[in-house]
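Beneath this line is the structure, given in structure tokens, with notes to follow.
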Amino acid sequence: MNVQTKTDLRPETISKLQDLGRINLDSSKGFDDAAEHVKNPHLADLFRELATERRSQLNELNTFIDVNGEDTVVQGSYAAKFHRMWMKFRDSVSSDNAHTILSEAEYGEDQIKEAYEDALKETAGSPMNDVLQKQYAQVKSAHDRVRDLRDTTASK
């Protein structure tokens, strides 16, 4: 029986890491875009912080992908590009409405949280579990922060 280690991962585990890498890259770009367009300096700071966190997660995943001799993630997905374009459009017509921007960001957070939950189920028992659990906790925390901020801006 071939025992999986962090330096000898199964192809399906590497594929999941690459999927998570792409969504982290997409998320970091989305947060960068949001930080660039939002006029509220506190939200801009939060979005820059979350973009940095996602790039750090991508770098960590890429380290394990690279060690296993596979292609690291350098491009996001087409769907994320479309979503960022939609955010820019909504931002321009909503006159910097913080609730609208946070609603879009929370939608993105739902997607990355779901991707981690899926990856954790599919890689259960993998030597990557500790890394993925740690990253999932960061994603869930960010999701909850964005959701809570969105909810506080609903009545404003």
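When +1 charges are put on Lys and Arg Cβ atoms and -1 charges on Asp and Glu Cβ atoms, the dipole computed for the chain relative to its Cα centre reaches about 240 debye.
Total lysine pairs in the stretch 27-153 at Cα distances under 13 Å, for residues eight or more apart or on different chains: 5. For the residues Ala44, Ala115, Ala137, a GNM of the chain with alpha-carbon springs under 10 Å puts the largest fluctuation on Ala137.
Listed by chain and number, the aspartates and glutamates whose alpha-carbon sits under 14 Å from that of Lys6, ignoring those within fewer than 8 places in the same chain, are Glu60, Asp66, Glu70, Asp130.
The fewest-to-most ranking of Lys39, Lys16 by surrounding Cβ atoms within 10 Å reads Lys39, Lys16. Cβ-Cβ distance of Ser141 and Asp8, R₀ of 25 Å, FRET efficiency by 1/(1 + (r/R0)^6): the value works out to about 0.20. Here the spin labels are modelled as points 7 Å beyond Cα on the Cα-Cβ line, and at Arg48 and Glu114 they lie 3.1 nm apart.
Put in line by how crowded their Cβ is, counting other Cβ atoms within 10 Å and starting with the fewest, His143, His42, His99 read His42, His99, His143. When the chain is treated as a GNM with alpha-carbon contacts under 10 Å, the residue of Gly125, Gly21, Gly30 showing the greatest mean-square fluctuation is Gly125. A cut-off under 12 angstrom between Cβ atoms defines the neighbours of Gln18, and their net charge, with Lys, Arg +1 and Asp, Glu -1, is -3. When the chain is treated as a Gaussian network with alpha carbon springs shorter than 10 Å, the biggest mean-square fluctuation among Val38, Val139, Val131 belongs to Val131. Pairs of alpha carbons in the chain separated by more than 21 Å make up 45% of all such pairs.
Centroid-to-centroid, using Cα positions, the stretch 8-63 and the stretch 105-156 are 11 Å apart. Note on the stretch 9-79: with charges restricted to the Cβ of Lys and Arg (+1) and Asp and Glu (-1), its dipole about the Cα centre is near 100 debye. With the helix formula -39500 (n - 2.57) applied to DSSP H stretches of n ≥ 4, the chain reaches a computed 222 nm mean residue ellipticity of -27000 deg cm²/dmol.
Coordinate-derived values only; no laboratory data. What you see is a predicted model, and the numbers here were worked out from it, not measured in a lab. In this analysis, Cβ positions are derived from the backbone assuming ideal geometry, glycine residues included, and neighbour counts consider all displayed protein chains.
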